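Everything below concerns the one structure shown next.
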Amino acid sequence: MTYQAPLADIGFALKYGAGFSAALDEGLFGDLSLDVVDAVLAEAGRLSSEVIAPLNRAGDKFGTAFKDGIVTTAPGWKEAYATWRNGGWNGLAAPEQWGGQGLPQSLNIACIEMWNAAAMAFAVGPLLTIAAVDALHAHGSEALKKTYLAKLVSGEWTGTMQLTEPQAGSDVGALRTRAERAPDGSYRLKGQKIFITYGEHDLTDNIIHFVLARLPDAPPGTRGISLFLVPKFLLQPDGSIGARNDVRAHSVEHKLGIHGSPTCTMILGDGTGAIGYLVGAENGGMSAMFTMMNRARLAIGLQGVGVAECATQQALAYARERRQGRVAGMPANQSAPIIAHPDVRRMLLTMRAQTAAARALCYATALALDHSERGADAAARKAASDRVSLLTPVAKAFSTDIGIEVASLNVQVHGGMGYIEETGAAQLLRDARISAIYEGTNGIQAIDLVTRKLPLAGGAAVAAYGDELRGIVRALKATNDPGLGCTPVRLEEATESLARATEWLLSRLDKGPDAALAGASPYLRLFGIAAGGCLLGQQALAAMRLGENAGAYVALARFFAENVAVQAGALERTVVDGAEGVIGADAALS
Ligand SMILES: Cc1cc2nc3c(=O)[nH]c(=O)nc-3n(C[C@H](O)[C@H](O)[C@H](O)COP(=O)(O)OP(=O)(O)OC[C@H]3O[C@@H](n4cnc5c(N)ncnc54)[C@H](O)[C@@H]3O)c2cc1C
């Protein structure tokens, strides 16, 4: 089966899980109406289901052919990209000044989920272009913006993000690509980058590379990194495409998943040096690249959600069809669809609830981004910006971990057929795996959360978020609705576990951070579980209030609270009590 966009779930999660409707009522989005929002979602759903999803298998099978420096994408991909970009989707949330539609980031994020659910290898390219637009808009000179932004916003050209080198992966500060100042104010770059997504392809006439490099007199480490815009083709004075720049793809990787996405080794400066233009200040490259990375990290979180959604749809369809064994009271000559077996139901509910929790968390992060850009005053924008900073690593890592787990459960629901490529379940699992590795591994996200985000505003950002989660728990308690079962109690336990683990980590950071670092990944999971559970609770409350599919939303929130959020206590103990055993366990690793 191919992916069908779950428009009702997406719309409800956006409007009531993340709080889009309340923001709209407060006037955050001017005269935007819910009708327009629904129409955008419906069209994105149609395009993703009808145009992009059917290409997913072709991309997996064909991969990316590489010959004489040229990459050919899978049959149909070029046409699908043209359809997608002609629909204006690349610039949905981009500034109107550069030809974008200026719509909310959170609406764009919901669409990004759909593109990725349809074909992750297809969607990862535009995702980076959209992030490049943000970085250039925030940090580029007026001249660079005038020359490149409109074409990137329209998707006529794509953008790449080039950090990684053989010796510089998570440790970006170790990069060696050199940039020399040229007399005309531009720069000449020489070096090698590896694993560059869509570094070369046949979808567009030009590719705009965003490359991190080091000036000759740069200080060591990340303080000495600058960001450069390096076009594949240089431009003529009138903006038309000119000579080929000294940058090329040397090869494409053969990899576990996302076969349709070209992952390139790039050579800059074989000859006189690749011509590059500085974005932001010299040695200020990391802050410019962080704008790009943070946008991309949230979008990668949506890859997790998208794959999880697609896997859940597949599993449900298969479980309704496949018949094995009997349920109590069934005649001996009959067999039941496997969805009737409690263990299969548990798997399916785990898939659906985890997907919904990750979705709500990603959308909430995106809505905070909207508040940070459009908030009424500086204080509101700053608080929202801190919220985005706090939630981004959780949205990325929690959601992509969920994507992998749900894709793996999909294989399990399919039994042996899940292991056979024909069903497509294996492809989803293979594709999902990279999302926990690129854009900063999930381990690096957890370290970022603990060491940089918890201390934000002296701990006030995380404290405010904890208070908000407690508010949801109180509202759930106040309903006294028996349908919620133990939901309020379990979520209260989870939020209190999160609060205690946060306090413990903050107290350890000043005393040599090893103990905090050892607990960072379980802490991020605890954070995701507590926040995701509460956001599902918030959705259930809205569904009860509105009388809209309340049975389903309450059941989902309840399942998550009673079956997933209960892990919070164990995770708290792992964070608080387990660190010593990690740090002192040399013998076990010998
Ligand atoms: C398909 C694909 C596409 C990619 N696309 C791009 C792209 O477009 N642009 C780009 O620049 N890069 C890209 N990458 C590179 C990707 O971002 C890196 O692979 C990733 O950041 C991890 O770096 P690494 O592979 O060197 O692993 P390493 O940094 O060597 O990490 C190995 C392990 O050690 C852990 N680790 C490393 N350092 C620490 C630390 N300080 N503390 C705790 N744990 C640590 C990591 O979490 C990981 O588990 C891509 C990679 C792939 C496979």
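Summary of values
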| read-out | value |
| --- | --- |
| Compactness of the range 6-105 - radius of gyration and Dmax, Cα, Å | 17.3, 56 |
| Placed amide H near His209: partners under 5 Å, 5+ positions off or other chain | Thr160, Val230, Lys232 |
| P(r) of the range 358-415 over all Cα-Cα pairs, binned every 10 Å from zero, in whole percent | 25, 35, 21, 12, 6, 1 |
| The chain, helix-only ellipticity at 222 nm - DSSP H runs n ≥ 4, -39,500 (n - 2.57), divided by all residues, nearest 500 | -17500 deg cm²/dmol |
| Taking the chain and dividing mean pair separation by its residue count, relative contact order in percent (alpha carbons under 8 Å, at least six apart) | 13 |
| Rounded percent of accessible protein surface that carbon and sulfur make up, the range 160-307, 1.4 Å probe | 53 |
| Mean Cβ neighbour count within 10 Å, used as a protection proxy, ranking 94-101, 109-116 highest first | 109-116, 94-101 |
| Fully extended contour minus Cα-Cα distance, from Lys511 to Val566, at 0.36 nm per residue | 16.8 nm |
| Theoretical FRET efficiency, 1/(1+(r/R0)^6), r = Cβ-Cβ of Ser287 and Glu26, R0 30 Å, to 0.05 | 0.45 |
| Phi-based couplings in Hz for the range 207-219 (Karplus 6.51, -1.76, 1.60; Gly and Pro marked x) | 10, 10, 8, 10, 10, 8, 8, 10, 6, x, 9, 6, x |
| Integer Hz, Karplus 6.51/-1.76/1.60 couplings in order for the range 484-493, x for Gly and Pro | 7, x, 8, 3, x, 5, 5, 6, 5, 4 |
| Ser240-Thr72 pseudo-label distance in nm [points 7 Å out on the Cα-to-Cβ vector] | 2.9 |
| Carbon plus sulfur fraction of accessible area for the range 328-437, probe 1.4 Å, in percent | 58 |
| The range 84-142 - percent of accessible surface contributed by carbon and sulfur, probe 1.4 Å | 45 |
| Dipole moment magnitude, nearest 20 debye, the chain about Cα centre, only Lys, Arg, Asp, Glu C-beta charged | 640 |
| Span from the the range 161-181 Cα centroid across to the the range 68-103 one, whole angstrom | 28 |
| Contour excess over end-to-end distance, with Cα ends at Asp270 and Leu456 and 0.36 nm allotted per residue | 62.6 nm |
| Local electrostatic count at Tyr277 - Lys and Arg +1, Asp and Glu -1, tallied over other residues with Cβ under 13 Å | +1 |
| Magnitude of the charge dipole, the range 1-102, Cβ model with Lys/Arg +1 and Asp/Glu -1, debye to 20 | 620 |
| With eigenvalues of the C-alpha gyration tensor scaled by 5 and rooted, the chain, Å | 38, 28, 24 |
| Gain in span if fully extended, Gln324 to Leu144, counting 0.36 nm per residue against the direct Cα distance | 58.6 nm |
| Cβ-based charge dipole, the range 106-172, positive-most Cα from Tyr148, Met114, Ala132 | Tyr148 |
| Per residue value of the accessible surface for the range 297-350 (all protein chains in place, 1.4 Å probe), Å² | 45 |
| Arg176 versus Arg500: modelled label distance in nm, points set 7 Å from Cα along the beta carbon direction | 5.0 |
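The values are calculated or read from the model by the stated rules, or taken from the named source; none is laboratory data. Just so we're clear, the structure is a prediction, and the values are computed from it rather than from any experiment. Using ideal geometry, Cβ is built from the backbone for each residue, glycine included, and neighbour counts are taken over all protein chains shown. With ligands, DNA and RNA removed, areas are computed over all heavy atoms of the protein, side chains included. Shrake-Rupley method; radii C 1.70, N 1.55, O 1.52, S 1.80 Å.
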